Amino acid sequence: MYCTGDVINSGTGTINANGGTPSILSGGGGGGIVVLASSSSVTNAGTINANGGNGGPSFGFGGAGGGGGGGIVIFVAPTTSSAGTTNVGGGAGGSVATQVSQTDRYGGGGGGASGGNGGTGSSIGSGATVTASTPASGSAGYVLNVTGNPVFLLH
């Protein structure tokens with residue numbers, strides 16, 4: 001969002017750009033990108049969420065998905081203030097509570113990347129009935145404060 005006046009996310013305001021969480025096997029979606037830019041000032045007194053989504057759980061024929069990487073939040077203005085909360089965490093790897101028992105098997109999908117890396121999905125061992133390996137969580141994203149007039153970005 002670009003504004004020539006002040007940009008204010010008030011104390012009760014919430015901006016969500018979280019990655020999605022699949023139902024089974026797949027990796028979580030990467031967190032989104034939020035850019036608040038003003039030629040005057042940017043204030044975050046509320047909450048901004050750009051977290052990675054959690055990986056999907058294992059199932060009878062496949063492993064759990066990795067967590068999505070955290071997103072990116074950027075404040076660009078001559079004056080920035082962020083007394084609020086900014087979350088860019090990576091998503092958790094999916095649950096491996098369901099054992100893999102079918103003959104045709106698939107490893108879990110990796111999580112989507114954004115600011116942070118997506119986590120790897122779980123692998124499947126051999127044997128009649130096995131528990132998939134634990135998938136990795138996504139890594140955290142980034143919060144950037146850029147002091148300056150964002151007009152230079154528009155040229």
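For the reader, a short list of remarks on this structure follows.
- Two-decimal ratio, the chain, of alpha-carbon radius of gyration to 2.2 N^0.38 Å: 1.29
- Counting only DSSP beta bridges with both residues in segment 44-155, the antiparallel share comes to about 15 percent.
- Take every Cα pair under 8 Å whose residues are at least 6 apart in sequence, average their separation, divide by the length of segment 5-155, and the relative contact order is 27 percent.
- Once backbone amide H atoms are built at 1.01 Å from N, A113 has G30, G69, G118 as its partners under 5 Å, excluding neighbours fewer than 5 places away on the same chain.
Every number in this text was worked out from the coordinates using simple rules, so none of it is lab data. Computed from a prediction, not measured in an experiment: that's the story for all the values here.
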